[in-house]
Amino acid sequence: MKSFRTDLHIHTVLSPCGDLEMSPARIVSLASKRGLDIIGITDHNTTKQCELVWKLGQRFGLTVIPGCEMTSREEVHCLGLFSDFDALREFQHFIDQHLAIIPNDPALFGYQVVVDADDNIIEMLDNYLGASLNVSIEEVEQKVHDLSGIFIPAHIDRPRNSLYSQLGFFPPELKVDALQISKLAKEMAVREKYKIDTEITLVQFSDAHYPDDLGKIFTLFEMEEPSFGELRKALLREDGRNVRIP
């Protein structure tokens, strides 16, 4: 088995809270320089910047997993990651159907821009991407898994927008591939506080919104190759694959 530095929670300039320097080209360059092998692009409630990051990643030998950070009706943040762009487009359609329509105020929330490989703005999204979907976390999870995606509730130990802050418990019917802890958390302390079974994998990612944060926090995925199928096996600890928070 090989060990791959993996950060599956990164925001681009498209997220309203993402820094204007978090362009696809900058993200790929920094990820490569800082030794990451696999990155996930997870803007808030949109997937529109994923394909460009994936294309740019090919030039650097960087594996890019397309995805999204969704906000459920309960205001729980969760990650959805996908193996191909057909599934990603279908999930984008799901988001478009269910995202609350709130006009974005750049002065209040931040700009929401799609940029090209040369950092030129090619589109500006008008509706606030930080709004909630009008579906439950269980419905979001079901859609991700219907599309053969990976579902990971985000930063579960944070005091807001997390599984435990919003629900107060882990729903027994919720099927997760892993749980993400925040970048300053300690794995054993989180397990003990929330009584998380050892069979559930915990991961830790940067949740980078600014260039300085990218690559500072990652999880080591021990697997045969940097592919989506191997990522899933590692999260589920199948066939000798595993994950380890350094």
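Every number in this text was worked out from the coordinates using simple rules, so none of it is lab data. Treat the numbers as computed from the prediction; the structure is a model and nothing was measured. Backbone-built Cβ (ideal geometry, glycine too); neighbour counts: all protein chains shown.
Between GLU123 and SER3, the simple spin-label model (points 7 angstrom out along Cα→Cβ) gives 4.0 nm. Pick out which of HIS77, HIS44, HIS93 has the largest mean-square fluctuation in a Gaussian network model of the chain, springs linking Cα atoms closer than 10 Å. Of HIS77, HIS44, HIS93, the most mobile in the Gaussian network model is HIS93. Among complete DSSP H helices in the chain, those whose alpha-carbon atoms stretch at least 15 Å along the helix's long axis and whose mean Kyte-Doolittle hydropathy reaches -0.5 are 50-60. Shown here is the pair-distance distribution of the range 7-147: with all Cα-Cα distances grouped in 10 Å bins from zero up to the longest one, the shares run 13, 44, 34, 9 percent. Using a simple spin-label model with pseudo-atoms 7 Å out from Cα toward Cβ, ARG34 and LEU108 lie 3.1 nm apart.
Using the average count of surrounding beta-carbon atoms within 10 Å as a protection proxy, the listed peptides 179-188, 228-237 rank, highest first, as 228-237, 179-188. Multiplying the residue separation of ASP96 and GLU173 by 0.36 nm and removing their Cα-Cα distance gives an extension gain of 25.2 nm.
Sorting LYS143, LYS193 by the number of Cβ atoms found within 10 Å of their own Cβ, with the fewest placed first, yields LYS193, LYS143.
Estimated at 0.36 nm per residue, the fully extended path between ARG191 and ARG89 surpasses their Cα-Cα distance by 33.2 nm. The ranking of GLU139, GLU199 by Cβ neighbour count inside 10 Å, starting from the fewest, reads GLU199, GLU139.
Distance between the modelled labels on CYS17 and ILE245, one decimal in nanometres: 1.9 nm (7 Å Cα→Cβ projection). Working from the Cα coordinates of the range 50-115, the gyration tensor eigenvalues give, after taking √(5λ), semi-axes of 24, 17, 11 Å in decreasing order.
Rounded to the nearest 500, the helix-only mean residue ellipticity at 222 nm of the chain stands at -8000 deg cm²/dmol, with each DSSP H run of n ≥ 4 adding -39,500 (n - 2.57).
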